[in-house]
Amino acid sequence: MLASTWVRAIAAAGTLAEFFADKIAWVDSAWDAVHSWARPIGGALLSLAIVDSGDPAFQIGSFLLGGGAAAIAHAGKAGARALVNASPEPVSNIVVSTGEDIATGGLIALAIANPIAAAIIALVLVSASLWLVFTARRFLRRMVEPKPR
């Protein structure tokens, strides 16, 4: 299924759109809002597509772990972008997006060369995303709460 020409063409179009949407402040946040449902479902389905269909319990576990990891990664990315968009200068958005692009390409190359190392790095990144989500939440709460007089 993942080798289908249609699947690869749609993935390529989405990657290209993501590349440009992430470079424009607030467009990236709107893009992330639209993908708040698509990325976790996509992660769950991709995880399900690569496991053996012989064991339903393994399929369910893979589905839940893939969707959960995608949801956490998405929340971290969206949270980071909300913080970056609060920055008054326009350059930070492009720098952060380019850094994400380079890191993604590097992790894909590492996954091909050394899948175990890539999995460990992915787990570290998911953990960092969790930390970032909670940090962004505290930061935004402090910005929104009324100041005591």
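Readers should treat all values here as calculations from the given coordinates under stated rules, not as data from a laboratory. These numbers were taken from a predicted model, which means no experiment stands behind them. Here the Cβ positions follow ideal geometry from the backbone for every residue, glycine too, while neighbour counts run over all protein chains shown.
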For the chain, what is the calculated [θ] at 222 nm in deg cm²/dmol (nearest 500), taking -39500 (n - 2.57) for each run of four or more DSSP H residues and dividing by its residue count? -29000 deg cm²/dmol
Round to the nearest 10 and give me the degree value, 0 to 90, for the angle of helix 91-113's Cα axis relative to the longest principal axis of the chain. 20 degrees
Based on the Cβ-Cβ distance of T104 and W6, what FRET efficiency does E = 1/(1 + (r/R0)^6) give at R0 = 35 Å, to the nearest 0.05? 0.95
Specify whether the C-alpha gyration tensor of the chain places it in the rounded, prolate or oblate class, a ≥ b ≥ c being the square roots of the eigenvalues: rounded for a/c under 1.5, otherwise prolate if a/b is larger than b/c and oblate if not. prolate
Test of understanding: in a Gaussian network model of the chain with alpha carbons linked when under 10 Å, which of E89, E18, E100 would top the mean-square fluctuation ranking? E89
When the chain is treated as a Gaussian network with springs between alpha carbons less than 10 Å apart, the largest mean-square fluctuation among P40, P88, P115 is found at P88
If you plug each phi of segment 22-39 into the Karplus form 6.51 cos²θ - 1.76 cosθ + 1.60 with θ = phi - 60°, what whole-Hz ³J(HN,Hα) values come out, in order, with x for Gly and Pro? 6, 8, 10, 4, 6, 5, 5, 5, 5, 4, 5, 4, 5, 8, 4, 9, 6, 5
Among N114, N93, N85, whose mean-square fluctuation peaks in a Gaussian network model of the chain (Cα, cutoff 10 Å)? N114
Point-charge dipole on Cβ atoms (K/R +1, D/E -1) for segment 5-144, about Cα centre, debye to 20: 460 debye
